[in-house]
Amino acid sequence: MKKFLKFSTPLVALISLFFTITNIIPLSTLYFLWAAIFTPFILVKFRRLPKVTFWTLQYYIVTLTSLLIYDPSALTNFSFYRYDGNIIVTFLPLLFLPLVPCVNGSIERKIKIFIVFSAIISFFVAMYQYLNNDHITGLFISVNAFGGFLMTIIALNVSWLIHTKHRSKVLVLLIFCLISIWLTMSRGSLLGILLGLISLWAIRSNLKSFIAISLLSIVIVQSLIIGLNYHNYLKYKEDSYSIAVQSAESGKEANILIRVYENWPRGFYLFSHSPIFGTGFGSANDVPHILSEGNFFQLNSNHERIYNSAHAHHTYLHILGEQGLIGFVIFISILISIYRYIINNNASPFLKDTLLIIFFSLIFASFTEHRLPSPSNAFPFIIIFSIYFMINKCKHNHPHSEA
């Protein structure tokens, strides 16, 4: 099996990476299905796991336990994996890491072909849609999906620009991508990539405290926003969405008010009623929520199960609401272990800087959207991280950090 995986795994990863350019044709899931097939072997073959895999495994245990209690029928529902449970698919390759083969740095050339391919196609599709007064969705279903994908392509371009002497071609590709993401007007994506680039600068300048201060500032500001509007959510609840839409003068303003009046308070509402374990994995959009007061462990008692994208539009509040502090702490531990692995390895400086930009782009964008579990946003990052792991595995002969 080892020889088979050595040949096939990088190939499957690259095919999936190239198809992350669209979610209309779902071939980007190939690598994730591949991981699902072979991941069970880690349970019988490996006694020590990379920390990323260790924490991801704990998260799957907590998540599946919550799901089996709250909504076991979801496991056989395709819509669940597309919407409520997409994180189960997105994080699968992190479980597969102990089995990935080592590959040499020549795979970087194929990733650079992907950059050229994605930047050019995305630009021309975006321009075509712009000239025809369409929504700028690229080869995706939604604007935010396209914007999230472009964060990755911009990160790849910037890192390539840093690590090459032949910059003119890369600069043209970067301009293409910047025009494309600007046309989307996906503010969460624009904010995410800007802060991702600033984060790379802060790390390279040994100013990591700047990142911590930025994260803390966002948490404080959003806490104040939620606190000021929470009493209105408690008063109107399911009508909060309609009130937000009616109060807005434009679609963009409505998106902001919906988050402020309904999405974010809903996530906090679930967390406040069941702060330890959450109200059940997949429960955030199962409205109306039926919860009791004064009980710190409860599930949403509404027996209707809804599978759609009506999440809290805030990854951290969403996880706190559905999985409580236990799920949230484990999830943050996954993120910390990913960051430490990226920062502590250097077999591919090009991919290292790329991953740092994407990582912090997703971290910051997840304060306004449910970005980290989203396939269009996170699939490219997870695949590139897996390839980075493969390259470093050749250099060290084993993962750098273990648990």
Apply the Karplus curve 6.51 cos²θ - 1.76 cosθ + 1.60, θ = phi - 60°, to the phi angles in region 323-334 and return the couplings in whole Hz, x for Gly and Pro.
10, x, 5, 5, x, 5, 4, 5, 4, 5, 5, 4
Percentage relative contact order, the chain, counting C-alpha pairs under 8 Å, at least six apart
25
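Express in % the proportion of alpha carbon pairs of region 97-175 at distances exceeding 19 Å. If you can, show how the numbers build up before the last one.
Values: 1420 of 3081 pairs.
Percent of Cα pairs beyond 19 Å in region 97-175: 46.
With n ≥ 4 as the cut-off for DSSP H runs, can you work out [θ] at 222 nm for the chain, using -39500 (n - 2.57) per run divided by the number of residues, rounded to the nearest 500? All intermediate terms of the calculation are to be shown ahead of the outcome.
Working: 18 runs with 269 residues, N = 403.
Value at 222 nm, helices only: -22000 deg cm²/dmol.
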Pick out, in residue order, every one of the GluC sites (Glu not before Pro) in region 277-352 that is DSSP loop and has at most 15 other C-beta atoms within 10 Å; say none if there are none.
Glu293, Glu304
Highest mean first, how do 266-276, 97-107, 35-45 rank when packing is the count of other Cβ atoms within 10 Å averaged over residues?
266-276, 97-107, 35-45
Return Arg82, Arg47 ranked ascending by Cβ neighbour count within 10 Å, so the fewest neighbours appear first.
Arg47, Arg82
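Relative to 2.2 N^0.38 Å, what does the C-alpha radius of gyration of region 219-308 come to as a ratio? Two decimals please. Display every interim value, and only then the final one.
On the way: Rg = 13.5 Å, N = 90, 2.2 N^0.38 = 12.2 Å.
Expressed relative to 2.2 N^0.38 Å, the Cα Rg reads 1.11.
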Going by average Cβ density within 10 Å per residue, which order do the peptides 235-243, 7-15, 277-285 take, highest to lowest?
277-285, 7-15, 235-243
Order of Arg259, Arg305, Arg48 from fewest to most other C-beta atoms within 10 Å?
Arg48, Arg305, Arg259
Kindly point out, ordered by number, any Cys in the chain whose beta-carbon has no other cysteine beta-carbon under 4.7 Å away.
Cys177
The aspartates and glutamates whose Cα lies under 18 Å from the Cα of Lys110, excluding any fewer than 8 residues away in the same chain, are Asp353
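Past 21 Å, Cα to Cα, is the threshold; run Lys3/Lys393; Lys45/Lys393; Lys3/Lys395; Lys2/Lys352; Lys51/Lys393 against it and keep the listed order.
The answer is Lys2/Lys352.
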Explain nothing, just the number: dipole magnitude of region 259-402 about its Cα centre with +1 on each Lys and Arg Cβ and -1 on each Asp and Glu Cβ, in debye rounded to the nearest 20.
500
Considering the Cα trace of the chain, what is its radius of gyration and what is Dmax, both in angstroms?
20.9, 63
Taking the Cβ-Cβ separation of Ser106 and Phe4 as r and a Förster radius of 22 Å, what is the calculated FRET efficiency to the nearest 0.05?
0.60
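Readers should treat all values here as calculations from the given coordinates under stated rules, not as data from a laboratory. These figures come from a predicted structure and were not determined experimentally. Heads up, the Cβs are rebuilt from the backbone with ideal geometry, glycines too, and the neighbour counts pull from every protein chain shown.
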